[in-house]
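Peer 1: Take this structure, written in structure tokens, and hold onto it; I'll ask about it next.
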Amino acid sequence: STNYENLIFEEKDGIGFIKMNRPKALNALSKELLTELQQVVEYVEKTPSIKGVIITGEGKAFVAGADISLMVNYNSEEGRSYCKFAQSIFNRIENLEKPVIAAVNGYALGGGCELSMSCDIRIAGEKAMFGQPEVNLGIIPCFGGTQRLSRLVGTGVAKTLIFTADFIDAQEAYRIGLANKVVPQDSLLEEAEKMMRKIMTKGPIAVKYGKVAINKGYNMSLTDGLELETDLGALCFATEDKNEGMKAFLEKREAKFSEK
Ligand code: CO8
């Protein structure tokens, strides 16, 4: 376990747990916190023993957003560079070649909602609250929110949330497809870990290519996306894991994947 000032990172049996840990400011994304998040994401990228990542928050927030006490003094150029910095980290999370689950324990507002949307799957505890309240501050979501929220839930729902700045609870987030599962607050991390461990029993190369196909394909035409899917599917057929997975099925036993 490595301790930073503003987050806690722990590696446990192949899972990297990132806990945002600036609870007095509801884990708002200070420069320091973002810098540490960037460092931990870099570490996760280059550490083969980490097979999946779970991101959560300490206290009553997942992340309550960008740091308003910082932004209040920003001019346009400073706003731009803050935005670019956060976006670059969130892009790296989205493109990590390992599954990433957001275990949303509380407020996921503004940049916090945006961070959760850069993860592959959002599991919400019953106390989770989501929202994009930027227009309250005279700005728009700039850490990917206008783009990722509308891709996840459609433009009408995204505009409703972004224009009204309303917070929604875990059930409503689930109903609109922003949260993928709602679980009792007390078992949030357990449930996130359970899902990740299940994913980790599957063919790891297949999970990785599934992620690439979905992520890249989303920004392509159907024709190009299907071509990408075919190429990645063919790559799976060239792996030992494909032979093992199919043989194991026919032999009625569990597959032992080697990531080859
Ligand atoms: N930034 C800085 N400090 C914060 C933030 C934040 N986003 N959220 C909470 N805090 C601080 C509070 O100021 C307070 O500090 P203190 O104890 O020193 O007074 C402490 O955290 C606790 O917060 P509250 O007392 O407000 O706690 P409550 O339980 O009463 O309320 C809420 C909780 C409802 C979550 C409330 O704190 C709130 O509304 N927070 C702000 C939420 C928000 O507006 N987030 C969006 C920010 S904008 C964004 O994320 C994307 C912007 C992209 C910018 C890109 C630049 C171009």
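Every read-out reported here was derived from the displayed coordinates using simple, explicitly stated rules and does not represent laboratory data. Everything numeric in this text was worked out from a predicted model, so none of it was measured. FYI the Cβ positions are ideal-geometry reconstructions off the backbone, even for glycines, and counts take in every protein chain you see.
Peer 1: Can you tell me the orientation of helix 204-218 relative to the chain, as the angle in degrees between its alpha-carbon axis and the longest Cα principal axis, to the nearest 10?
Peer 2: Once rounded, the angle reads 50 degrees.
Peer 1: Any of Lys19/Lys159; Lys159/Lys181; Lys208/Lys242; Lys60/Lys84 with alpha carbons more than 19 Å apart? Name them for me.
Peer 2: Lys19/Lys159; Lys159/Lys181; Lys60/Lys84
Peer 1: Projecting each Cα onto the charge dipole of the chain (Lys/Arg +1, Asp/Glu -1 at the beta carbon, about the Cα centre), which of Met129, Asn91, Ile205 comes out farthest on the positive side?
Peer 2: Positive-end residue among those listed: Ile205.
Peer 1: If we sort 170-180, 27-37, 111-121 on the protection proxy, mean other Cβ atoms within 10 Å, highest first, what's the order?
Peer 2: 111-121, 27-37, 170-180
Peer 1: How long is the gain from Ser88 to Arg197 if the chain were fully straight, where each residue apart is worth 0.36 nm and the alpha carbon distance is subtracted?
Peer 2: Result: 36.5 nm gained on full extension.
Peer 1: I need the fraction of alpha carbon pairs in the chain separated by more than 25 Å, rounded to a whole percent.
Peer 2: When all Cα pairs of the chain are counted, 46 percent exceed 25 Å.
Peer 1: On a full-extension model of 0.36 nm per residue, what is the gain between Glu10 and Arg175, subtracting their alpha-carbon distance, rounded to one decimal in nm?
Peer 2: 56.2 nm
Peer 1: Sticking with this one: Considering the options Leu161, Asn75, Thr146, tell which one lies farthest towards the positive end of the dipole of region 63-210, charges being +1 on Lys and Arg and -1 on Asp and Glu at the Cβ, about the Cα centre.
Peer 2: Result: Thr146, furthest along the dipole toward the positive end.
Peer 1: Counting only C-alpha contacts under 8 Å and six or more residues apart, can you give the relative contact order of region 215-260 as a whole percent?
Peer 2: 26 percent
Peer 1: With charges only on Cβ, +1 for K and R and -1 for D and E, what is the dipole size of the chain about its Cα centre, in debye, rounded to 20?
Peer 2: 400 debye
Peer 1: While we're on this one: For a quick size check, give me the Cα extents of region 124-260 along its three principal axes, largest first, whole Å.
Peer 2: The principal-axis extents, from largest down, are 58, 41, 21 Å.
Peer 1: What is the helix-to-structure angle for 155-164, meaning the angle in degrees between its Cα long axis and the longest Cα principal axis of the chain, kept from 0 to 90 and rounded to the nearest 10?
Peer 2: 30 degrees
Peer 1: Quick check on region 1-98: take the gyration tensor over C-alpha atoms, sort the square-rooted eigenvalues as a ≥ b ≥ c, and tell me if it's rounded (a/c under 1.5), prolate or oblate.
Peer 2: Oblate.
Peer 1: What is the helix-to-structure angle for 240-250, meaning the angle in degrees between its Cα long axis and the longest Cα principal axis of the chain, kept from 0 to 90 and rounded to the nearest 10?
Peer 2: 70 degrees
Peer 1: Count the net charge of all other residues whose Cβ sits under 14 Å from the Cβ of Ala64, scoring Lys and Arg as +1 and Asp and Glu as -1.
Peer 2: Charge balance near Ala64 sits at 0.
Peer 1: Count charges around Glu45 for me, please; just the other residues with Cβ under 11 Å from its Cβ, Lys/Arg as +1, Asp/Glu as -1.
Peer 2: So the surrounding residues net to +1.
Peer 1: Are there cysteines in the chain with no second cysteine's Cβ under 4.7 Å away, and if so, which?
Peer 2: So, Cys113, Cys119, Cys236.
Peer 1: A follow-up question, please. About the Cα centre, and with charges only on the beta carbon of Lys, Arg (+1) and Asp, Glu (-1), how big is the dipole of region 161-258? Nearest 20 debye, please.
Peer 2: Roughly 400 debye for region 161-258.
Peer 1: Starting from the 7 Å offset along Cα-to-Cβ, what nm value, one decimal, do you get for the label separation of Ser76 and Thr35?
Peer 2: A separation of 2.8 nm, rounded to one decimal place.
Peer 1: Tell me what the chain gives for mean residue ellipticity at 222 nm when only DSSP H runs of n ≥ 4 count, each as -39,500 (n - 2.57), the sum divided by the residue total, rounded to 500 deg cm²/dmol.
Peer 2: It lands at -15000 deg cm²/dmol.
Peer 1: When a/c is below 1.5 the answer is rounded, else prolate if a/b is larger than b/c, else oblate, so apply that to region 29-77 with a ≥ b ≥ c taken from the square roots of the Cα gyration tensor eigenvalues.
Peer 2: Because a/c hits 1.5 or more and a/b fails to exceed b/c, region 29-77 counts as oblate.
Peer 1: While we're looking at this one, here's another question. Which of the residue pairs Lys198/Lys247; Lys31/Lys260; Lys31/Lys51; Lys194/Lys252 have a Cα-Cα distance greater than 30 Å in the structure shown?
Peer 2: Over 30 Å apart, Cα to Cα: Lys31/Lys260.
Peer 1: Please compute the net charge surrounding Phe9, taking Lys and Arg as +1 and Asp and Glu as -1 over other residues with Cβ under 11 Å from its Cβ.
Peer 2: Overall, the nearby charge balance is -1.
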